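First the structure, in the form of structure tokens, and then the observations on it.
The values are calculated or read from the model by the stated rules, or taken from the named source; none is laboratory data. As the structure is a prediction and not an experimental result, all values here were calculated from the model. As a convention, Cβ positions derive from the backbone with ideal geometry for all residues, glycine included, and neighbour counts pool all protein chains shown.
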Amino acid sequence: MRRFVLARLAQAVVSIFVLITVLFFLVRLTGDPVERMIPPQVTEEVANDLKRAYGLDKPLIVQYGVFLGGLATGDLGTSLYFRGRTVSELLSLRILPSLELSVFSMLFALLIALPLGVYAAKYRGRGSDYVARIFSILGGAAPSFLVGLVMLRIFSVQLQWFPTGGREGLLSVVLPTFTLGWFVSAGIMRLTRSSMLESLYGDYVKLARIKGVRESVVIWKHAFKNAALPVITYATVIFAAVIGGAIVTEYVFAWPGLGSLLIRAVIQRDFPVIQGAVILIGSAFVLCNFLADLAYAWINPKIRYTR
Amino acid sequence: MLLEVEDLRVQFHTRRGVVKAVDGVSFSLDRGETLGLVGESGSGKSVSCMALMRLVEAPAGRIVGGSVRLDGEELLDLSEREMRQIRGGQISLILQDPLSSLNPGYTVGNQVAEAIRIHQGLRGRALRDSVVEILSQVGIPQAERRLKQYPHQMSGGMRQRVAGAIALSCRPSLLIADEPTTSLDATVQAQYLRLLSELQQEFRFGMIFVTHDLGIVARLCDRVAVMYAGRIVETGSTRQIFNEPAHPYAKALLATLPSLESRKKRLLTVSGQPPLAIDLPPGCSFAPRCPEVMDVCREEFPGEATTGDLHRVLCWLHSASAEMSLPAR
């Protein structure tokens, strides 16, 4: 087990290193950040001064060295756009709201999608199956901005139950959670359903019934545990994606998360912020995958991580 | 009588039509007795067995008629809750494939304990002792140590013993074994069959042994029922069926048995394909493959004929002669 964790950790460090290296050079292909900072009529001399001040005049490879050096000491650099504020400071302000939204949406999605998927499989071809599938198709097909705007229109503007945006108090989480959660639940529900269908026709489920086990126990103890494996993989990957990628939902509800920070950084060519955010999101991704692997071992004892 | 099955009918509703998987099956079984249920794949053997436990896959499959009495109690009238008490308690079933019939996600101990907990209400120490006891009884060495193992950590033979332990853990009066040895190799198979016989002598359960291996039937069974296209076409004692098979299908099946004496170089098979149970011919369903087919066979289904003590057959060859010979006796 320890060897497995260490090996996985080493793997994670390598993947993140490759990620940030590729990213470092790719973002620099998008153009010059200084152009975005100054009005067009400013002389080239001023622009060069700015470049020098941010270290952008040095050769790429030197800049890369400086970046890695900073990274080694935990310094992600200073934002080019939010002047004078460090990347770490900006990220730390955004990580909590992002986590909050993604955790709530994920919980909401699982709470809806798992029972729905399980019962859709159990009652395949009947009414409840169709209802569940329509719910899931709508969730996956309706764009988040549309769902978000409709929610806002009904529940915030007309009924005035929830605030229209921002992050103040528990009520403000409800609509973004629903919008994002519905979208996320669509895939989870469909995967749960198909995975359960396979498992429900398995011999071990038959044997459980032969033993006289109650149907609810047959479904949740015997069938679901084995059906959960692909669902867990998918859910963790989606979770990681949602942490940094809920850009549209964040935008519609003016949610101060990582997604909106990242999109602004990209537009402004704020290299240090882009790098910092991607490192953070990438780490979250790697961590989630690691947790999924641990969950595997618990669910399927055949997967042993001793080697 | 331990088990009396009368005119059991099971249908499956598919998009292509109604499949009469079990079409009027009747037989009975005593305690301590073993009935061999033989026939080709798709003849309705497994469905009949699942129907005895009322575990036909709904909503496509339904038991549409008949009667199943266990110790005189009509099982088809019981509520689902009462039926759960019967399953695993009084009737048990061993499935074909030990690899897939044990849940990969739970330890062997857990899976054996589940049935005992449900039917005997044991908990804790007593439950554990009971699990160890039944595992030792089915010949699993060091049962104590095996409790925490997962199915994939055991050999096929051991897994099938675990399946046997699960089935026998609550001392059922009826054990159905649905081709339990097909996935085991020959030596393990022989051991397992011996074990089943020993356990049967010890616990006195009635056993229905589903197989298409006539060799096993000869060794293990007191009586044989031959199934074809959802019906039992011939039933009698093992000796009767092997020595004087009456139905052409039973004869053909027996002819497929390779014997040491026979000099034939090729293995025989029953020629032709079993019919699709979806649109059976109007007459005898074996008529299209039957070497002794007559005109009447294609038009009308034969009635039951008795050719000897408890030896019954569904075949025109015997219907006529039986009717004529009966008064003479």
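Would you please list the contacts, defined by Cβ atoms under 6 Å and residues six or more apart or on different chains, that run from a residue in the range A:218-238 that is of a type outside the set (Gly, Ala, Ser) to a residue that is buried (at least 21 other Cβ atoms within 10 Å of the Cβ) and not in a helix (DSSP H, G or I)?
A:222/B:103; A:225/B:105; A:226/B:105
Take residue B:86 and decide whether it is in contact with a helix residue (DSSP H, G or I) (Cβ under 7 Å, 6 or more places away or on another chain), more than 9 Å from chain A (Cβ to nearest Cβ) and not hydroxyl-bearing (Ser, Thr, Tyr). If you could, list the steps in order and put the result at the bottom.
Details: in contact with a helix residue (DSSP H, G or I) (Cβ under 7 Å, 6 or more places away or on another chain): yes; more than 9 Å from chain A (Cβ to nearest Cβ): no; not hydroxyl-bearing (Ser, Thr, Tyr): yes.
Here the answer is no, as residue B:86 does not meet what is asked.
Checking residue A:108 against (1) surrounded by fewer than 16 Cβ atoms within 10 Å (Cβ to Cβ); (2) under 30 Å from residue A:186 (Cβ atoms), which test does it fail?
Checking residue A:108 against (1) surrounded by fewer than 16 Cβ atoms within 10 Å (Cβ to Cβ); (2) under 30 Å from residue A:186 (Cβ atoms), the one that fails is (1).
Go through the range B:169-204 and count every residue that is within 11 Å of chain A (Cβ to nearest Cβ) and either in contact with a Lys or Arg (Cβ under 7 Å, 6 or more places away or on another chain) or β-branched (Val, Ile, Thr) (or both).
1
Would you point out which residue out of B:98, B:104 is over 21 Å from the mean Cα position of the chain (by Cα), at pLDDT below 90 and within 30 Å of residue A:299 (Cβ to Cβ)? If you could, list the steps in order and put the result at the bottom.
Values: B:98 fails: over 21 Å from the mean Cα position of the chain (by Cα).
On inspection, the qualifying residue turns out to be B:104.
I'd like the full set of residues that are without any contact (Cβ under 8 Å) to a residue 24 or more places away in the chain, among the polar types (S, T, N, Q) and in a helix (DSSP H, G or I), limited to the range B:111-144.
Within the range B:111-144, B:136 is the sole residue that qualifies.
Out of B:52, B:76, B:99, I need the residue that is free of Cβ contacts under 8 Å to residues at least 24 places away in the same chain and of a type outside the set (Lys, Arg). Which one?
Values: B:52 fails: free of Cβ contacts under 8 Å to residues at least 24 places away in the same chain; B:99 fails: free of Cβ contacts under 8 Å to residues at least 24 places away in the same chain.
So the residue among B:52, B:76, B:99 that is free of Cβ contacts under 8 Å to residues at least 24 places away in the same chain and of a type outside the set (Lys, Arg) is B:76.
For the range A:44-61, does any single residue satisfy the condition of being of a type outside the set (S, T, N, Q), under 25 Å from the mean Cα position of the chain (by Cα) and at positive phi? Walk me through it before giving the result.
Going through the range A:44-61, the residues of a type outside the set (S, T, N, Q) turn out to be A:44-47, A:49-61.
Then keep just the ones that are under 25 Å from the mean Cα position of the chain (by Cα); that gives none.
Within the range A:44-61, none of the residues are of a type outside the set (S, T, N, Q), under 25 Å from the mean Cα position of the chain (by Cα) and at positive phi.
On the given criteria, is residue A:169 assigned to a helix (DSSP H, G or I) and either within 14 Å of chain B (Cβ to nearest Cβ) or modelled with pLDDT under 85 (or both)? I'd like the intermediate steps shown before the answer.
Working: assigned to a helix (DSSP H, G or I): no; either within 14 Å of chain B (Cβ to nearest Cβ) or modelled with pLDDT under 85 (or both): yes.
The answer is no for residue A:169.
With respect to residue A:142, is the statement that it is more than 24 Å from residue A:258 (Cβ to Cβ) and of a type in the set (A, V, I, L, M, F, W, C) true? Even if it seems obvious, please write down each step before you answer.
Values: more than 24 Å from residue A:258 (Cβ to Cβ): no; of a type in the set (A, V, I, L, M, F, W, C): yes.
So residue A:142 does not fit the description; no.
Let's see how each residue does on (1) within 14 Å of chain A (Cβ to nearest Cβ); (2) surrounded by 23 or more Cβ atoms within 10 Å (Cβ to Cβ); (3) under 21 Å from residue B:183 (Cβ atoms):
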site: B:96; (1), (2), (3): yes, no, yes
site: B:100; (1), (2), (3): yes, no, yes
site: B:112; (1), (2), (3): yes, yes, yes
site: B:120; (1), (2), (3): yes, no, no
site: B:143; (1), (2), (3): no, no, no
site: B:149; (1), (2), (3): yes, no, yes
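I'm trying to understand the selection: among the residues of the range B:152-168, which are more than 9 Å from chain A (Cβ to nearest Cβ) and either touching a residue at least 60 places away in the same chain (Cβ under 8 Å) or not in a loop (DSSP other than H, G, I, E, B) (or both)? Write out each step before concluding.
So in the range B:152-168, the residues more than 9 Å from chain A (Cβ to nearest Cβ) come out as B:154-162, B:164-165, B:168.
Once the filter is applied, which keeps residues that are more than 9 Å from chain A (Cβ to nearest Cβ) and either touching a residue at least 60 places away in the same chain (Cβ under 8 Å) or not in a loop (DSSP other than H, G, I, E, B) (or both), the range B:152-168 yields B:156, B:157, B:158, B:159, B:160, B:161, B:162, B:164, B:165, B:168.
Let's see how each residue does on (1) within 16 Å of residue A:101 (Cα to Cα); (2) part of a helix (DSSP H, G or I); (3) not assigned by TED's automatic domain parsing to the domain that holds residue A:103:
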| site | (1), (2), (3) |
| --- | --- |
| A:114 | no, yes, no |
| A:118 | no, yes, no |
| A:128 | no, yes, no |
| A:134 | no, yes, no |
| A:150 | no, yes, no |
| A:164 | yes, no, no |
| A:179 | yes, yes, no |
| A:182 | yes, yes, no |
| A:185 | yes, yes, no |
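Could you identify the single residue in A:74, A:31 that is assigned to a loop (DSSP other than H, G, I, E, B), surrounded by fewer than 16 Cβ atoms within 10 Å (Cβ to Cβ) and within 25 Å of the chain's Cα centre (by Cα)? Full working, then the answer.
Numbers: A:31 fails: within 25 Å of the chain's Cα centre (by Cα).
Going through A:74, A:31 in turn, just one is assigned to a loop (DSSP other than H, G, I, E, B), surrounded by fewer than 16 Cβ atoms within 10 Å (Cβ to Cβ) and within 25 Å of the chain's Cα centre (by Cα): A:74.
With the requirement that a residue be small (Gly, Ala, Ser) and touching a Leu at 6+ places or on another chain (Cβ under 6 Å), what does the range B:140-155 give you? Explain how you work it out, then say what you get.
Going residue by residue through the range B:140-155, those that are small (Gly, Ala, Ser) are B:143, B:155.
The one that is small (Gly, Ala, Ser) and touching a Leu at 6+ places or on another chain (Cβ under 6 Å): B:143.
Are there any helices (runs of 4 or more DSSP H) wholly within the range A:199-307 with 2 or more residues that are hydrophobic (A, V, I, L, M, F, W, C) and within 14 Å of another protein chain (Cβ to nearest Cβ), and if so which? Quick ask: steps written out before the conclusion?
Working: elements: A:203-210, A:225-245, A:247-252, A:258-267, A:271-299.
Filter on the range A:199-307 gives A:203-210, A:225-245, A:271-299.
Checking the structure you have, find out if any residue of the range A:191-204 is of a type in the set (A, V, I, L, M), touching a helix residue (DSSP H, G or I) at 6+ places or on another chain (Cβ under 9 Å) and either farther than 28 Å from residue A:144 by Cα or modelled with pLDDT under 85 (or both). Full working, then the answer.
We begin by selecting, within the range A:191-204, every residue of a type in the set (A, V, I, L, M); these are A:191, A:196-197, A:200.
Retained after the next criterion (residues that are touching a helix residue (DSSP H, G or I) at 6+ places or on another chain (Cβ under 9 Å)): A:191, A:196-197, A:200.
Imposing the further condition that a residue be either farther than 28 Å from residue A:144 by Cα or modelled with pLDDT under 85 (or both) reduces the set to A:197, A:200.
Checked the range A:191-204: at least one residue is of a type in the set (A, V, I, L, M), touching a helix residue (DSSP H, G or I) at 6+ places or on another chain (Cβ under 9 Å) and either farther than 28 Å from residue A:144 by Cα or modelled with pLDDT under 85 (or both).
Does the range A:48-64 contain at least one residue that is acidic (Asp, Glu), without any contact (Cβ under 8 Å) to a residue 24 or more places away in the chain, touching a Lys or Arg at 6+ places or on another chain (Cβ under 6 Å) and in a loop (DSSP other than H, G, I, E, B)? Full working, then the answer.
Let us first name the residues in the range A:48-64 that are acidic (Asp, Glu), namely A:49, A:57.
After this cut, where a residue has to be without any contact (Cβ under 8 Å) to a residue 24 or more places away in the chain as well, the list is A:49, A:57.
Still in the list and also touching a Lys or Arg at 6+ places or on another chain (Cβ under 6 Å): A:57.
In the following step, the residues that additionally are in a loop (DSSP other than H, G, I, E, B) were identified as A:57.
So far as the range A:48-64 goes, yes, one or more of its residues are acidic (Asp, Glu), without any contact (Cβ under 8 Å) to a residue 24 or more places away in the chain, touching a Lys or Arg at 6+ places or on another chain (Cβ under 6 Å) and in a loop (DSSP other than H, G, I, E, B).
Say we look at the range A:77-105 and pick out the residues that are β-branched (Val, Ile, Thr) and in contact (Cβ under 8 Å) with a residue 12 or more places away in the chain; which of these is surrounded by the most Cβ atoms within 10 Å (Cβ to Cβ)?
Our first condition is that a residue be β-branched (Val, Ile, Thr); within the range A:77-105, this holds for A:78, A:86-87, A:95, A:103.
Those still in the list that are in contact (Cβ under 8 Å) with a residue 12 or more places away in the chain too: A:78, A:87, A:95.
Details: A:78: 19, A:87: 27, A:95: 19.
Out of the qualifying residues, it is A:87.
Within the range B:1-47, restricting attention to residues that are among the hydroxyl-bearing types (Ser, Thr, Tyr) and not in a strand (DSSP E or B), which residue is surrounded by the most Cβ atoms within 10 Å (Cβ to Cβ)? Spell out the reasoning first.
Going residue by residue through the range B:1-47, those that are among the hydroxyl-bearing types (Ser, Thr, Tyr) are B:14, B:26, B:28, B:34, B:41, B:43, B:46.
Remaining after also requiring not in a strand (DSSP E or B): B:41, B:43, B:46.
Details: B:41: 9, B:43: 26, B:46: 20.
Applying the filter and picking the extreme gives B:43.
For the structure I just gave you, tell me whether residue B:279 is at pLDDT below 70 and acidic (Asp, Glu).
yes
Confirm whether residue B:81 is over 17 Å from residue B:208 (Cα atoms) and modelled with pLDDT of 90 or more. Full working, then the answer.
Numbers: over 17 Å from residue B:208 (Cα atoms): yes; modelled with pLDDT of 90 or more: yes.
Spelling it out, residue B:81 is indeed over 17 Å from residue B:208 (Cα atoms) and modelled with pLDDT of 90 or more.
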